[in-house]
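See below for the structure under consideration.
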Amino acid sequence: MRYQLTHHSLASASTAAWVIYQKYVNATPLYRQEKDWERLGYSLSRTTMANWIIRCSEDYFSKFVARLKTEMLKEKNSSLR
């Protein structure tokens, strides 16, 4: 069974992770990724990929960033003492 990132989404976790990886690690813009998906035989618009990135950042990464910020502030406060 495939894990869906959001309700009614066709995005699998690995597909969304690949899009995010390509965009932020390999600096591949969404318009180029859109063409790559087309060459593979899939119709995947850059708007859809952008929505996946936004949704992942809201649902998953924001919790991680908030926790990271808390831990960094603890570290900063302890080093000031």
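The values are calculated or read from the model by the stated rules, or taken from the named source; none is laboratory data. Computed from a prediction, not measured in an experiment: that's the story for all the values here. Cβ placement follows ideal geometry from the backbone for every residue including glycine, while neighbour counts extend to all protein chains displayed. What goes into the accessible areas is simple: the full protein's heavy atoms, side chains included, and nothing from ligands, DNA or RNA. Shrake-Rupley method; radii C 1.70, N 1.55, O 1.52, S 1.80 Å.
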From the option list Trp18, Trp37, single residue qualifying as open to solvent by less than 90 Å² (accessible area, probe 1.4 Å) and without any contact (Cβ under 8 Å) to a residue 12 or more places away in the chain is Trp37
The lone condition Lys23 fails out of (1) of a type in the set (Lys, Arg); (2) surrounded by 10 or more Cβ atoms within 10 Å (Cβ to Cβ); (3) at pLDDT below 95 is (3)
Residue under question is Trp52, and the condition is that it be hydrophobic (A, V, I, L, M, F, W, C), surrounded by 13 or more Cβ atoms within 10 Å (Cβ to Cβ) and more than 9 Å from the chain's Cα centre (by Cα); does it hold?
no
Filtering the stretch 55-81 for residues that are among the basic types (Lys, Arg) and open to solvent by less than 60 Å² (accessible area, probe 1.4 Å) leaves a count of 0
